[in-house]
Structure formats: structure tokens, C-alpha cells
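Chemist: Below is a structure I'd like to ask you about.
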Number of protein chains: 2
Amino acid sequence: MSEYAAPLKDMQFVLNDVLQISKYSNLPGFSEVSEDLVEAILEEGGKLASNVLHPINQSGDKEGCTRHDDGSVTTPKGFKEAYSAYKEGGWQGLAFDPEYGGQGLPYIIGIAVSEMVSAANMAFGMYPGLARGAADAIYAHGTDEQKQTYLPNMISGEWGGTMNLTEPHCGTDLGLLRTKAVPQGDGSYKITGTKIFISAGEQDLTDNIIHLVLARIEGAPEGVKGISLFIVPKFHINDDGSLGARNGASCGSIEEKMGIHANSTCVMNYDEATGYLLGEEHKGLKAMFTMMNEARLGVGLQGMAISEVSYQNGAAYANDRLQGRALTGPAYPDKPADPLIVHPDVRRMLMDQRAFTEGARAWMYWTALHGDLHHKAEDEETRQKADDYMGLMTPILKSYLTDKGYAHATNAQQVLGGHGYIQEWGMEQFVRDARIAMIYEGANGIQALDLVGRKLTKDGGRAWQSYFAEIDEFISDNEGNAELKPFLDGLATSKARTLDATQWLGANAMQNFNHAGAGSMDYLNLFALTCLAFAWAQMAKAALESDNKDDDFYKNKLITGRYFLERILPDTGAHLEKVKAGADAVMALPAEAF
Amino acid sequence: MSEYAAPLKDMQFVLNDVLQISKYSNLPGFSEVSEDLVEAILEEGGKLASNVLHPINQSGDKEGCTRHDDGSVTTPKGFKEAYSAYKEGGWQGLAFDPEYGGQGLPYIIGIAVSEMVSAANMAFGMYPGLARGAADAIYAHGTDEQKQTYLPNMISGEWGGTMNLTEPHCGTDLGLLRTKAVPQGDGSYKITGTKIFISAGEQDLTDNIIHLVLARIEGAPEGVKGISLFIVPKFHINDDGSLGARNGASCGSIEEKMGIHANSTCVMNYDEATGYLLGEEHKGLKAMFTMMNEARLGVGLQGMAISEVSYQNGAAYANDRLQGRALTGPAYPDKPADPLIVHPDVRRMLMDQRAFTEGARAWMYWTALHGDLHHKAEDEETRQKADDYMGLMTPILKSYLTDKGYAHATNAQQVLGGHGYIQEWGMEQFVRDARIAMIYEGANGIQALDLVGRKLTKDGGRAWQSYFAEIDEFISDNEGNAELKPFLDGLATSKARTLDATQWLGANAMQNFNHAGAGSMDYLNLFALTCLAFAWAQMAKAALESDNKDDDFYKNKLITGRYFLERILPDTGAHLEKVKAGADAVMALPAEAF
């Protein structure tokens, strides 16, 4: 049976020592969050994660969701009670606008709590996570009336929410979608069509579910320019706010899948369901993307979270399991064998994972802070830059953190040997659950294409130029700091390689777009390593400047950082070489040869 | 529903064009295998794989094995019939000594057939695979009487076989094992103990099962030096060869695990079971290792095989599924969208997989040929060198091919997006099945340690020196061949880096063994890339020298080889850098910090 304890000290180190969020007390929501309050919130969140959510993670996987003949879906044992605890704790509205019942705390605090929830029980976390995404889209694009109608109950957790994009014949290419919307003359539409892979599409946790559905209004232009977004509640809502009759939205079946068994993945049938336009006609994709960007960060977070929880269980096993002797001679001669942790290759797996997870957390929280700055900073320049960074980092975080989250869950499983392969220990579930994060909310290849095709070129490359300038400034500001030098050198080399790759793409992709596509994933991974190198340089600086720098915690942080420099960062060279190889060998085979 | 077609043309290319097995017609077993016969065998094997074994791969996964209250185990629907077809086809004895009923064909042909079986249905293939391993051990270490008693029925497929090593408290560290053997004075022993993770431990496919069990004879020395190997038949064998009473060996339970559901992974209880010493007292581990080396190659083969079958299904989907448009403009303007195969990043995934699989096949078959040469070559020098190569390559192939097999099954799954995550298409099963190969028959970290700790230093490094000399000779023999130059350059660079890493380990590991351990996996992966580069150089040469060099098959081979050079081989630089980073950052954290 696996366990999870929220890494409170690591989280607080990033929030307080590295990002120093107290500096932002002039911003709305930040003024309330003293270090003490942050500590209290994270502690409570940690208790929920360890004591309520994680204990039903394995049982939820084993039992899965059940669809009944009437189309209703039952979540696994214990999920209703856990959801009640989550709802009553007010976790759903933590970072939401107080006007609709939220607590208005910073987004970055919400991200820290989401990390715990995803680590403890990823399948559970998707229910409130998707509802939050739907609420964000209504908040951004809804009319005042729509906001008043839906948001308070979504923010309190009374109602759930979903995103309905994919259809049987189209996932990535939404221009092909066929679900149709027929105007009824009263401002409402009748929505008809089939959506697949709808996470949390039906469940027994909330009284109502607010589906957001992409559909094509009759007579709309073809392709992505004719897609609109609709609000389709499971139950109609009466004028007094009470729930009315059932709408024509139902779950036709649930998928049998590799993991996240405790989350219902539904085929949703819309049969003349009443829907209400959200945002403008034919601009549904844009509205959906508002929601998808935060959702993509949330998915990246899942990758990092699974890496954290699987690390904890792999490390515990490595300290506990006696097997073999240290290469340098018995470390515990009085025991029948030494614990696995004495073996360098076992440590390699755990250090890889630790160096990734800690770096990814600092990078993710740094990005989340820019989410706050984007919405709340006082000056336009800061808001703009923060928005640039969010746009740039979203695809990189989504893809890199989920690819590595899966790889590291696999690593942690490896530490347990055969015991990692059987279900009992929970390690193989982490792998199966982590796998979906590389696929949903835009498969990772799509993220790479978004990066090289859109984010790099947007506004003449302002976002990446600004980010590289910030790195340069950090390096020059800290020049002469001997203890920090290895981190600055590693960062400088990695940044130079990323710049080199960026310039190569700039020079070559215009003649042949396939050069950009062929190198997109290596480019993304190269960029990600630079982001991690920056995060580690910032953490090293914070550790070195801490008043408690001689504490083990800070010393260990520097050791882990050194491991990152020596054992993870060298991959940048190969990524650069692969980007520069271009598209020729990738595209040369005729399609029929595959 | 997934499909599988044996890659006959690729297999024949390696056997005939690259390795030119007809050159070895002076060796026993080889004289019979004309190109026509090889073609006929592979075609028949391919039919069995495609028509009999693969159709029950997904259903077998879904149903799994069932243990009944009496300890008997039922394999999934269709497995008995498939096993009968396999048995009646004579596949089990293909490469076995005719004295015991085998066909005496080359080992390399057996490997090609095993590839098909593992690709089509890995869980099925483990039943005959383990029996073959047990038969190999009896053949190598048994008395004449033991061979006569057990081998004919094992080789015909009438009886199964297993390997019993792991106990609840020990897997890798067999020195800790507790199963005991008490001599009965009549040459037999009573075996008592519990073994776990015993693949194919109980099943309904064969009339008898010959268990090979590691145990400690009462009063034997502690540790690995007191372990003996025993033959423990499920049913006693009467003097007339008929089956007698049930022995005290039974299946206590079967594991619920991540994959290979159609293979029964048993807890085996030995309760005063009658056993017969195989080989010498206290030298059981050595005898078991004879069997494990071939078993390890077989596991490496599983990794490559799963990469092949998952590639085939990913590629078929990429040609079929219409989604998005080519970056360079619509490739099929008359269709609603282009097939996935136009997208460079989809091709990257498939080309990665293809370049790996084709290279791995050539390298694996080359190694198998040395298995034949080790046993059959006329001169001692050739036999010695072949044995050196087998020892050197075994851990590298086992680890690298299974790590990559899993990674590539994951890649192929990614090509299908959400459809790859649901069970229907069979892609997620390939991932779950492939995962075990990284763990069993010695976890991959153990392979890396075997390589740096034993295989590199054995006989003063004769094996790797001889291999590197062979590479140098190949390069100098082909100097001036302009078309081959990129392959020779890539091979030379990779070999130089591997030599550099080897020398670094030689110079540093003696002062601190942890340096060897910390770099062992990167070293293994670096060495593997050199082996693949050699395999690709050999394939490129064969393609260029073919009488049909202008055929698409050969041209595509060279394109795929170029992809390997440009997009896979660059990783050697990072591996070298990581090896040379040494153990300091790996070992610096105190155990309690994990």
C-alpha cells in the first residue's frame, strides 16, 4: 500500500525562499497570505491529501467507475465522502473571485494545493479540476447572468463541470467536428451530437454538471472558424435557482482504459439538449482555449505530482528493503544485507527523479506566480510580460512534465523490482495514471508544435527574448559568486544552446515548415532543460543566501542541484544536434513504407 | 483490435544479406538451412504468429489466468488450442539437439521464430520459453539419465518447465534464500519453501511441469556458495515414463499485476516436494546462470518484439487516421484532412521506433549467430571469441532492448492519442506487457552492474577489446567507401566515446567502486549505441552491396539508417559526460534524506 505526505518544506522553500511571495503583498489576494497562513493552508491541504484522498487511490483504481443501465455513473467507494470533505473544506474556491464565493487567494497557492490533490489521487482530482476549468471559462467569457447562474454553485463545489471537445473522428483537429447547434429563437440552442473521452462526464458527486460543449451552429462556416461554445447543464436550472428537469445530455458508455479508473471517461450523447452560447458565435475555440491553457498547466502539474508521490514510495522502499551489499563493503554488517539505497544505480534513479521533481516544482510555481501577475500586477508592462511567459511556458510545462512524470513513475516502479509490477504496492498504478497526462489536453506533440509554430513567433519572439534576457540578467547579477558558479555556467551553456536552436529554426523553418515540426519535440525538451537550469540556479541562490544555510535541508538542496547539473543537463547537447538535423531523414520515407 | 505480420523481409535481410548465414554451412545445423528453407520456416512461423497467437493476445489479457481452489490454474480461452498448434508444429524443439527429439537447426533461426512469438503474444510465449530455458539447464548440467527422463517430453512440448529463484525476502540477492533441501539417502531430496513471481508456475497447457528450484541443502554454507539447483517435477515420473502421483509442489496464489495477464505468475509452495540435484551440490547458482544467460537474451528479444508489433499498429493508424493538414500544405486536398503520417512529429516517433527495431534485430541476430559459433565453430579461437561476445552482449541487450522496447511501445501508443489509452486498440497492453521485461531475469540495473563489474574486467577485458578491434577492422576495411562514410564516421565517434568511458571506469573505479555503479547504466546505454551503430553500418553495407540496391526496400533501409545516425546516435555524448561525472553527487545525500 502506497503512502503520500505533502512535501511541505519543499513547497514553502519555493514559495518563501525562492519566489519570496511576500514581496507581492501589494497585489489583491497576496496581502492576506502571510507565511503563517500559507503554512496553515498547505498543512490542511496536506492532511486532506494524506488522510482522505490517498487512502482511496488504490481502491478507486481497482473498483473503477460503474455505469448503470439508466446512464447514471457511480464513483468508487469512498469518493462521495472524500468529495464532501473537499467541498466543505472550501478547496474548490481557494483562488477564485470572492464575488462568486471564492476566497480570492493567489493562483500560486491554488497550484500548490492542486499538486497535493493530484499526487494523492489523480483520478479524484480530475473531478474538481475539470469543474474549475469550466468555471474559469464561464468567468472569462460568460455574461453577468451566466456568471450569477453557474459560478456560485461551481465554486462551492455543489456542481461539477466538464469540457466536451473530442468526437469519434476528431480529437486534435477540431475543425472536423460535427456536433450541431440549432437556434431556438429564444436565445437557446438545441445541441445534438456525440462527444467521446469526456472526463468526469457523469458522476454521483455533485447535484448538477455544467457541460461546456463545442458545436457548430447550423449554417456556420466550415472548419475551426464555425465552432461555438455552449453551456449545457445536466439539469435545467429554474428561475429560483432550484434544479429543474433533466436536459438531453447523457452518458452512453464509459471507457475501459489503462488507468485513472476512478475517473469516469464518458461517451456523452447530446440529443437536442438545450444549450446556451458562451462567448461569441463562431469563436468557441478561442473561448475554449482560455480554459485549456490553465488546464494544460494543471496537466503538467499532474506529471510532476505523480513523480513526487512515486518518488516517495520508491525512496521508502529503497531505505527499507535489504538486498545485496554496498560496492564499497557492507554498510550494515550486522544486518543480513544492506538496504537498496546503498546501491549507486538505485540512487541514480531516485536522484534523477528528485532533481527533476524539485526543479519542476520551482519552475511550475514560478510560472503560476506569473499567472497571478498577469491578472493582478499594477503596471501594464509586468502584466504583459507575465502573459507572454504564461503563453510560452504552458506547452513546455505540459509536455515536459508529463513525459518525465511518466518516465519517473516508471523509474520509481523499477526500484521495487518485481514488487513494482504487481498491483499490491501501488507503483504500477502511478505509471498507468501518469500515462494519460501525455495525451489529454493536447497530445505532447501538439504542445511542441504550439511552441515552435505559435509561441516562438508571436509578437516577433518577444516572449522568449524577454525570458532569455531575464536569464542573462540573473547570470550577470550573480557573477563572481563562486558557490553559484557551476549553476550559472550550466544555465549559460544550456541557454546558449537553446538560443542556437531557436536561431536555427528561425533561419530554416520558413523555407520548409517541416524543419520546425521535425525538431519540435527536441526543441521543447531543450528549452525545458534551460527552464529547469534557471529554476535550479534560483534555488541554489536561495539556499546559499538562507539564514539557515547550514541546515541539512539547504545542503541537500545544493547536492541535488549539483546532480541536476552533472546528470540531467548534459542532454542539451544531443537535443541541439537533433534539432539541427532538420526534417530530411524524418520525411524521406514514402508513407506506404511505414 | 491490433494486428501483427512477421517482418519476413527484414528478417531475411539480416540473415541472408547482412550475416550471410549460408557462409556457415560447414557447421552442424547450418548445412540444412538453405535460403529457401529459412524462408519456409519463417513463413510458417509468421502464420502461426499472425493467425493463431496474436488473435488471442488481447482476449488473453482481458480474461487473465484463473486459479481454482484446488490450486489448478486455467489459462485464457484459446490458449490450450494455440499451445497444441505450437506443439504440433514442432516449434519447441526447432534448435534443440536431435538426440532428444529436437530439429537441430541453428540457434539464430530459433531466435527469429521467438521474435515472432513474443511480438504476437508475449504472455503466451513465456510458457514455452520458460520450458526451453529449463530444458537448456538440464541439457547443460543433467546426468544422462536426467536428460533421457526429462528432455524428450520437454522438447516435444508435452511438458512445461519453470525457473524458481525469487523468495518473498530476496530477489536479486539470492544469497539470502531459505528454501531448504533435505537429503533422503536415496539420492533424492525433500524440498520445502516458498517461491514467488514464478512465471508459468502452474497452467493447463502441459501434462507435467518440470520445476527447477534453487534451495539450500541442510548444513550448506551460508550465502550464494551454499545454493543448489533441483529438478522438481509436478507429477512424479514412473520408471516406464508414465506420470505418477502428484509431487508436493503447488500454486498458492497468482499475482494481480500490471500486464502479461495471460501468463500465470505464481506463488509456488514446496512442501517436502521430492527433488533431484541438477549439477553439483552448492553450485546451483552457476547452473542456473547458464540458463539465465539465454533467458536474458530472450527477454531482450521480447523488448524488441514488442517494439516491432507496436510500431506496426502505430504506423497503420498513422496512415489511416485523418487529422490536421501537412505543415507544407494539404497533402490530400480532396480528403477532409491528411493522414497523421504527414506530420513530422508523428514520423519522428515512428522513425525512432523503426530505426531502433531494425538495428536491434540485426544486433540481436548477430549475437545469436555467435551463440551458434560458440557451440559449433571448428576452431577454439572462434568458439572462445563467440563466447566472449555472448557474455559481453547479454546484459547490454537485455537492458537496452527492454528499456527501449517499453519506451517505444509508449511512443506507438502516443501515435493513437486517446485511442491509445483505451483498451480497445491494444496499444496500452503492449506497454503494460513490455514493462515486465525491464524487471525480470535480473532488473536492468543488475545488468548494468554485471557489465561494468564482471563483463568488462573478465580475462583482462578481452571481450570488449576484441569487439572494438572488430569495429576498427570493419571501419578500415571499408575506408574510402563514400556512400558508407556517414555510417563509418558515426560508428567511429561512438566507439571512441565508449572507449573513453571504458578507460575512465578503468582508471577511477578501482579507487571507488561507486564510480562504476553510478555510471553503469549510462555506460551500458553508450555501449548499446555503439553496438547499434555497428549493426547499422553492417546493414548499410549490405544494402549498398545488394544486387537489388535500387529496390525501395534497400533505399528505405539507408534512409532509416541515416535517421539513426542523425537522431538517435547523438545521445552518446551525454552518456559519456554522465559516466565521467562519477559517483560524488549520486552518493552525497545521507540515506535518511531520501
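The values are calculated or read from the model by the stated rules, or taken from the named source; none is laboratory data. No experiment lies behind these values; they were computed from the predicted model shown. Here Cβ is always computed from backbone atoms with ideal geometry, including for glycine, and neighbour counts include all displayed protein chains. Surface accessibility is based on the protein's heavy atoms, side chains included, excluding ligands, DNA and RNA. Shrake-Rupley method; radii C 1.70, N 1.55, O 1.52, S 1.80 Å.
Chemist: How large is the charge dipole for the stretch A:455-583, taken about the Cα centre, if only the Cβ atoms of Lys, Arg (+1) and Asp, Glu (-1) carry charge, to the nearest 20 debye?
Modeler: About 540 debye.
Chemist: Put +1 on the Cβ of every Lys and Arg and -1 on every Asp and Glu Cβ in chain B; which of B:Pro98, B:Thr382, B:Ser253 then has its Cα farthest towards the positive end of the dipole?
Modeler: The residue sitting most towards the positive pole is B:Ser253.
Chemist: Send over the per residue convex hull volume for the stretch B:1-111, Cα only, as a whole number of Å³.
Modeler: Spread over its residues, the Cα hull of the stretch B:1-111 gives 118 Å³ apiece.
Chemist: Let me ask something else about it. Working out 0.36 nm times the residue gap between B:Ala331 and B:Leu243, then minus their Cα-Cα distance, what length gain in nm do you get to one decimal?
Modeler: 25.1 nm
Chemist: Moving to a separate point now. Against the longest principal axis of chain A, how steep is helix A:462-477, in degrees 0 to 90 to the nearest 10, with axes from Cα atoms?
Modeler: 30
Chemist: I would also like to ask the following. Averaged across B:411-421, how many Cβ atoms of other chains sit within 10 Å of each residue's Cβ atom?
Modeler: 6
Chemist: Can you list, shortest first in nanometers, how far B:Gln20 lies from the same residue in the other copies, with each label 7 Å from Cα toward Cβ?
Modeler: Values, ascending and in nm: 7.2.
Chemist: So what's the gap between the Cα centers of the stretch B:458-504 and the stretch B:337-397, to the nearest angstrom?
Modeler: If you average the Cα positions of each part, the centres end up 16 Å apart.
Chemist: Still on this model: What order, most packed first, do the peptides B:402-410, A:96-104 have when packing is the mean number of other Cβ atoms within 10 Å of each residue?
Modeler: In descending order of packing, they fall as B:402-410, A:96-104.
Chemist: Additional query: For the stretch B:455-583, compute the orientation-averaged projected area of the C-alpha convex hull (one quarter of its surface), in nm².
Modeler: 8.1
Chemist: A follow-up question, please. Per residue, how big is the convex hull around the C-alpha atoms of the stretch A:328-419? Give it to me in cubic angstrom, could you?
Modeler: With only Cα atoms used, the stretch A:328-419 gives 129 Å³ per residue.
Chemist: Here is a follow-up. Using bins 10 angstrom wide from zero, how does P(r) for the stretch A:176-326 break down, in % of all Cα pairs?
Modeler: 10, 30, 30, 14, 8, 5, 3, 0
Chemist: Dividing the convex hull volume of the alpha carbon atoms of the protein assembly as shown by its residue count, what do you get in Å³ per residue?
Modeler: 169
Chemist: How are the C-alpha pair distances of chain A spread across 10 Å bins, as whole percents from the shortest bin up?
Modeler: 3, 16, 27, 27, 18, 7, 1, 0, 0
Chemist: Taking a ≥ b ≥ c as the square roots of the eigenvalues of the Cα gyration tensor of the stretch B:170-211, is the shape rounded (a/c under 1.5), prolate (a/b larger than b/c) or oblate?
Modeler: oblate
Chemist: With Cβ to Cβ distances under 13 Å as the rule, what net charge do the other residues near B:Lys580 carry (K, R +1; D, E -1)?
Modeler: That sum, taken over residues with Cβ under 13 Å, equals -2.
Chemist: Also: Go through chain A and flag any cysteine with no other cysteine's C-beta closer than 4.7 Å, please.
Modeler: For chain A, the answer is A:Cys65, A:Cys170, A:Cys531, because their Cβ atoms have no other cysteine Cβ under 4.7 Å.
Chemist: Next question. Place a +1 charge on the Cβ of each Lys and Arg in chain B and a -1 charge on the Cβ of each Asp and Glu, then give the dipole magnitude about the Cα centre in debye, rounded to the nearest 20.
Modeler: Computed about the Cα centre, the dipole is about 1380 debye.
Chemist: Another question, if that's okay. Nearest 100 Å² is fine: how much accessible area is buried between A and B, summed over both sides, with a 1.4 Å probe?
Modeler: Chains A and B together bury approximately 8000 Å².
Chemist: Residues of the stretch A:132-154 with the amide nitrogen closer than 16 Å to a label point 7 Å from the Cα of A:Asp207, along Cα-to-Cβ, please.
Modeler: A:149-154
Chemist: Can you work out the FRET efficiency for the pair A:Lys225 and A:Asp70, with r the C-beta to C-beta distance and R0 = 30 Å, to the nearest 0.05?
Modeler: So, using R0 = 30 Å, E works out to roughly 0.20.
Chemist: Hey, another quick one. Let me know the mean shielding of A:561-568 by other chains, meaning the per-residue number of their Cβ atoms within 10 Å of its Cβ.
Modeler: Mean partner shielding for this stretch: 4.
Chemist: Please give the contour-minus-distance gain from A:Asp379 to A:Asp36: 0.36 nm per residue of separation, less the Cα-Cα distance, rounded to one decimal in nm.
Modeler: Length difference between fully extended and current span is 120.7 nm.
Chemist: With a Förster radius of 60 Å, plug the Cβ-Cβ distance of A:Ala492 and B:Glu88 into 1/(1 + (r/R0)^6) and report the FRET value to the nearest 0.05.
Modeler: 0.35
Chemist: How much net charge surrounds A:Tyr139 when only other residues with a Cβ under 9 Å from its Cβ are counted (Lys, Arg +1; Asp, Glu -1)?
Modeler: -1
Chemist: Run the accessible area of the protein assembly as shown with a 1.4 Å probe and give the carbon-and-sulfur part as a rounded percent.
Modeler: That fraction is 49 percent.
Chemist: Past 25 Å, Cα to Cα, is the threshold; run A:Lys385/A:Lys541; A:Lys87/A:Lys257; B:Lys23/B:Lys549; A:Lys180/A:Lys234; A:Lys335/B:Lys195 against it and keep the listed order.
Modeler: Violating the 25 Å limit, Cα to Cα: A:Lys87/A:Lys257.
Chemist: Using per-residue counts of other Cβ atoms within 10 Å, averaged over each peptide, order A:250-260, B:231-241, A:432-442 from highest down.
Modeler: A:432-442, A:250-260, B:231-241
Chemist: Based on the Cα atoms of the stretch A:85-182, what semi-axes does the equivalent ellipsoid have, where each is the square root of 5 times one gyration tensor eigenvalue, given in whole Å with the largest first?
Modeler: 26, 19, 11
Chemist: Partner chain Cβ atoms within 10 Å, averaged over the residues of B:193-202 - can you pull that number for me?
Modeler: 1
Chemist: In addition: With θ taken as phi - 60° and the coefficients 6.51, -1.76 and 1.60, list the Karplus ³J(HN,Hα) couplings across the stretch B:543-555 in order, rounded to whole Hz; mark glycine and proline as x.
Modeler: Values per residue, Gly and Pro as x: 5, 5, 8, 5, 5, 10, 4, 8, 5, 4, 3, 6, 5 Hz.
Chemist: For B:Glu35, place a label point 7 Å out from Cα along the Cα→Cβ vector, do the same in each other copy, and report the separations in nm, one decimal, smallest first.
Modeler: 7.8
Chemist: Per DSSP helix of 4 or more residues, -39500 (n - 2.57); summed, then divided by the residues of the protein assembly as shown. What does that give at 222 nm, rounded to the nearest 500?
Modeler: Counting only the DSSP helices, I get -17500 deg cm²/dmol.
Chemist: Which of B:Ser494, B:Asn313, A:Ala215 sits farthest toward the positive end of the charge dipole of the protein assembly as shown, with +1 on the Cβ of Lys and Arg and -1 on the Cβ of Asp and Glu?
Modeler: B:Ser494
Chemist: Which order do the peptides B:475-482, A:423-430, B:266-273, B:222-229 take when ranked by the mean count of other beta-carbon atoms within 10 Å per residue, highest first?
Modeler: Top to bottom by mean Cβ count within 10 Å: A:423-430, B:266-273, B:222-229, B:475-482.
Chemist: Let me ask something additional. Among A:Val579, A:Trp464, A:Ala528, whose Cα projects farthest towards the positive end of the dipole of the stretch A:455-583, with charges put on the beta-carbon of Lys, Arg (+1) and Asp, Glu (-1)?
Modeler: The residue sitting most towards the positive pole is A:Val579.
Chemist: Can you list, shortest first and in nm, the gaps between the label point of B:Lys225 and those of its counterparts in the other copies, using a point 7 Å from Cα in the C-beta direction?
Modeler: 8.3
Chemist: As an exercise, use a Förster radius of 35 Å and the Cβ-Cβ distance of A:Asp547 and A:Gln423 to find the FRET efficiency, rounded to the nearest 0.05.
Modeler: 0.15
Chemist: Taking 2.2 N^0.38 Å as the expected size of a compact globular protein, what ratio does the Cα radius of gyration of the stretch B:218-280 give against it, to two decimals?
Modeler: That works out to 1.44 for the stretch B:218-280.
Chemist: If you place +1 on the Cβ of every Lys and Arg and -1 on the Cβ of every Asp and Glu, how big does the dipole about the Cα centre of the stretch A:301-348 come out, in debye to the nearest 20?
Modeler: 100
Chemist: Treat each spin label as a single point 7 Å out from the Cα along the C-beta direction, and report the A:Gln20 to A:Arg462 distance in nm.
Modeler: Here the modelled spin labels are 2.7 nm apart.
Chemist: Please give me the summed charge of the neighbours of A:Gly193: other residues whose Cβ is under 10 Å from its Cβ, Lys and Arg +1, Asp and Glu -1.
Modeler: Neighbourhood net charge equals +2.
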